[in-house]
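Read through the structure below, which is laid out as structure tokens, and then see the notes.
The values are calculated or read from the model by the stated rules, or taken from the named source; none is laboratory data. Just so it is clear, the model here is predicted, and its values are computed rather than measured. Note that each Cβ is placed from the backbone with ideal geometry, even for glycine, and that neighbours are counted across all protein chains shown.
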Amino acid sequence: MSLTSYRKNQYNRNGFVTINNIINKKKCNEVLKLVNNFQKQKNSKKIHQLDKNHSFSKIDNSQKVVILDKKNNIKLEKYINFKKIELIASSLTNLNMSVWFKKFYPKNCFDGDNEFYHQDYAYHVGKNAKNSEYIQCFIALENHYIDAGCLKVFKGSHKLGLIKHYTVMTRNGISKLTPSSQQLKKISKKNKLVNLELKAGSCVFFNYNLIHGSSSNASEHNQLRMIVQLLAKNNNRDKLKNKAVWKKRNLNEIKILKKIIKLKNRLGKSIN
Ligand SMILES: O=C(O)CCC(=O)C(=O)O
Ligand SMILES: [Fe+2]
């Protein structure tokens, strides 16, 4: 499937392009059911505490990120045409792209956490593959509205190259990377912040250097999204370097958590 040059120019200029109806409504509902059923199954087994919407709490046992098992990933192929996604990705990048990772973010009503602004490449730098060897396909499986925390992107920000990210902690005890708010404010003056209020079944392909993020879901609408990560077939991604990057992040998280415990202990003592 080759895209029109208009679409390709749009992708190159803005760093993203929206494609409507990559999945039809009926199939979106099937995917919703599949993900919900999988979560229910998972909940009866032991799930990773840090991966929950509210870690170490009984209020809500649902997961923040859902990664299907092999069996359900095969079922998913009935509803989502990943070949088509690969062809569009290849056409946009002029490289032979293939899917290497799939995950879902449920972002439930009155609950879904925010996603700090970031460039995806910030998480992958140091693993040898270049930014141009990656592309992301973000699929809305329900209608996405601003007050439900739709995806927001800084138009054209992929042209800035990789900008400085800082480590921040989430409510789940998992660290994230984000530029400073001053830097984002500066960027927003030249690169318009766009709300991507996608219709269910639509998707956005975006460059790994495009700055994006989303607010929390303070609305009554669930906002399931799927993230499909693609890599060039002949990429230079190094597995050992990938492990080293994850390990460094993990050790840094432990350091932050230890600091929190130390502060809490001090506070506890001063109260007693
Ligand atoms: O769901 C979101 O708001 C963020 C998704 C994201 O970071 C991504 O697709 O790379
Ligand atoms: Fe991202």
Checklist entry - Just to be sure, is Gly149 surrounded by 18 or more Cβ atoms within 10 Å (Cβ to Cβ), within 16 Å of ligand 2 (Cβ to nearest atom) and over 28 Å from Arg237 (Cβ atoms)? => result yes
Next on the checklist: Given (1) within 16 Å of ligand 2 (Cβ to nearest atom); (2) in contact with a helix residue (DSSP H, G or I) (Cβ under 7 Å, 6 or more places away or on another chain), identify the lone condition not met by Leu141.
Outcome noted: (1)
Checklist entry - Are there any pairs with C-beta distances below 9 angstrom linking a residue in the stretch 120-136 that is not assigned by TED's automatic domain parsing to the domain that holds Cys203 to a residue that is buried (at least 20 other Cβ atoms within 10 Å of the Cβ) and in a strand (DSSP E or B), with the two at least 6 apart or on different chains, and if so which? => result none
Next on the checklist: Can you tell me how many residues within the stretch 167-186 are more than 16 Å from ligand 2 (Cβ to nearest atom) and in contact with a strand residue (DSSP E or B) (Cβ under 7 Å, 6 or more places away or on another chain)?
Outcome noted: 2
Next on the checklist: Checking Leu240 against (1) of a type in the set (A, V, I, L, M); (2) part of a loop (DSSP other than H, G, I, E, B); (3) surrounded by fewer than 13 Cβ atoms within 10 Å (Cβ to Cβ): exactly one of these is not met. Which one?
Outcome noted: (2)
Checklist entry - Here is a list of conditions, (1) of a type in the set (Ser, Thr, Tyr); (2) away from ligand 1 (no atom under 14 Å from the Cβ); (3) crowded, with 20+ Cβ neighbours inside 10 Å, and Thr167 meets all of them except one; can you say which number that is? => result (3)
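Here is a yes/no grid of residues against (1) at pLDDT 95 or above; (2) assigned to a loop (DSSP other than H, G, I, E, B); (3) away from ligand 1 (no atom under 14 Å from the Cβ); (4) loosely packed, with under 14 Cβ neighbours inside 10 Å:
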{"residue": "Asn172", "(1), (2), (3), (4)": "no, yes, yes, no"}
{"residue": "Lys176", "(1), (2), (3), (4)": "yes, no, no, no"}
{"residue": "Gln182", "(1), (2), (3), (4)": "yes, no, yes, yes"}
{"residue": "Lys185", "(1), (2), (3), (4)": "yes, no, yes, yes"}
Next on the checklist: Out of the residues in the stretch 192-214 meeting the condition of being part of a loop (DSSP other than H, G, I, E, B) and over 18 Å from Ile135 (Cα atoms), tell me which one is farthest from ligand 1 (Cβ to nearest atom).
Outcome noted: Lys192
Checklist outcome for this item: Taking the stretch 41-93 and keeping only residues that are closer than 16 Å to Asp111 by Cα, among the small types (Gly, Ala, Ser) and surrounded by 15 or more Cβ atoms within 10 Å (Cβ to Cβ), one is left with Ser55, Ser62
Checklist outcome for this item: Per the filter on the stretch 93-110, residues out of contact with any helix residue (DSSP H, G or I) (no Cβ under 9 Å at 6 or more places or on another chain), within 14 Å of ligand 1 (Cβ to nearest atom) and farther than 30 Å from Asn234 by Cβ are Asn108
Checklist outcome for this item: When every residue in the stretch 215-236 that is part of a strand (DSSP E or B) and away from ligand 1 (no atom under 13 Å from the Cβ) is compared, the one surrounded by the fewest Cβ atoms within 10 Å (Cβ to Cβ) is Leu231
